[in-house]
Structure formats: C-alpha cells, structure tokens
Amino acid sequence: MSGMMAAGRSRMFIPLRPRALSQQRTLLAGLAAAFAVTLLCILLLLSSLPAASSPPPRRRHDIDTTSRTARSPPAHCGAMSASLGEFGDMMVSMLPRDLAFTAFVPSPESFRRVLRLRHNDSAAGLKASDDTYAVISRVLGFSAVPLRLRSGDVALRGTARLLDLDSVSGLKVHAWRDVDGALVVNGVRSECVDIVRDETVVHVMAGVLMDAEFERSLSLQN
C-alpha cells in the first residue's frame with residue numbers, strides 16, 4: 001500500500017520540475033531584456049543633452065572682471081591713460097613692472113594741494129629732488145596694494161561687506177563704490193579708474209591716502 005502511494009507521488013512531482021524551471025528562465029530573460037532597453041534609453045537621452053561648458057580658470061591674485069560704473073569718466077581721464085602727471089608717473093615707476101599691484105595715485109591737483117609738491121620742486125636742485133622722492137615713496141607705501149583690483153570688482157556700499165586690504169606699508173585700506181559708481185578708498189573718491197600700466201592697475205584719486213602720523217607731519221610743515 002505504501003509502495004503504491006510513493007509511486008503515485010513520484011508520478012505527480014516529476015513532471016512539474018521542468019515546467020517551473022522553464023517559467024523561471026523565461027521571467028529572468030524578460031527582466032534582463034527590460035533592463036537592457038531601459039539602459040539603452042538612458043544612454044540615448046544622455047548623449048542628446050548638450051555638453052556643459054566648464055568655467056574659465058582664474059589666475060591667482062589677478063582679478064580680470066571688466067569694470068563698469070554708473071557714471072561716465074571725466075574728460076581728462078583719457079589723457080591720464082597716457083600720463084599721470086610728473087609725480088604720478090614717478091610714483092608708479094617705483095613699482096616692479098612684472099608684479100601685480102593696484103596703486104591709488106593722487107591726482108596732479110592733490111599732489112599740489114595736499115602734499116605741496118609742484119613741478120619746479122623736482123628741478124630746483126639735489127635737496128629738493130631728494131625731498132620730493134622721499135615724500136612720493138612714502139605716499140606709495142600707503143597707496144599700493146599687492147594685487148590687481150579693478151573698480152568693477154569692488155561692491156557698492158550697502159550691498160556687501162566693504163573690501164578690506166593692506167597696503168605695502170601696512171595701512172588698512174577700505175574700498176567701496178558709491179551709489180553713482182565712483183570708487184571710494186578710505187573716504188577719498190576716485191577721479192579716473194582702471195588705468196593699466198604693465199601689471200599695475202592705477203586709480204587716480206582726488207586726495208592722498210596716508211596714516212595719521214604722516215598727516216601730522218604734513219600739518220607741521222605747513
């Protein structure tokens with residue numbers, strides 16, 4: 001009796017095994033085909049997208065943004081590109097030509113009014129020339145920072161944190177742009193901006209940058 005039941009079970013289960021394996025293989029083949037089609041669609045979609053352009057590299061310590069100001073420059077700024085005046089040219093010539101600097105150079109009127117330097121002072125003799133050179137080199141220390149800074153790289157006042165720099169002599173230099181676009185440095189407004197001399201960017205200022213000690217010495221002389 002038990003032998004007949006075992007034989008019946010064998011006859012029932014043996015035919016089902018090949019059918020189950022066949023269904024499983026069909027299912028796996030279908031999943032693989034669906035995955036292959038999906039992957040092909042993704043690759044075709046990615047290949048049709050435009051390639052993203054990489055941002056241009058920026059040079060260290062070199063700011064190349066083109067400056068734009070709300071006001072138009074004064075008429076004499078065109079002549080300033082050729083000559084900063086006798087003392088302005090002397091001041092810029094003291095800087096290395098192959099290193100990046102920004103110089104806030106006093107205007108010719110500021111050299112005369114604030115520093116009491118006149119054209120004849122540089123030709124009046126050795127002593128006058130030495131004094132003139134000493135004054136200009138001292139002012140250069142207050143007015144030069146070791147990087148290239150165009151006016152358009154300075155934020156409008158009230159829209160961002162003020163730009164804080166150190167001059168080559170250690171004077172703290174604070175720069176911003178006024179609502180009319182004029183560059184202002186330590187409270188001194190610019191007259192002409194973004195004049196390029198070799199690796200130096202020159203901004204002509206309607207005044208002189210100086211520390212308190214140098215300002216006191218000038219007041220004693222006057």
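Rule-based calculations on the coordinates, nothing more; no lab input. Here the structure is a predicted model, which is why all the values come from computation and not from measurement. Here the Cβ is made from the backbone with ideal geometry for all residues, glycine too, and neighbour counts use every protein chain on show.
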Sorted by chain and then number, the residues having a modelled amide H within less than 5 Å of the amide H of Met205, at least 5 places away or on another chain, are Val105, Ser107, Glu191
Please give the FRET efficiency for Arg189 paired with Asp130, using the beta carbon to beta carbon distance and R0 = 30 Å, rounded to the nearest 0.05.
0.45
For the residue pair Leu147 and Val179, what label-to-label distance in nm results when each label sits 7 Å from Cα along the Cα-to-beta-carbon direction?
2.9
Computed label-point distance, nm, for sites Glu213 and Val168 using a 7 Å Cα→Cβ extension
1.8
Counting all Cα-Cα pairs in the stretch 79-221, those more than 19 Å apart amount in percent to 49
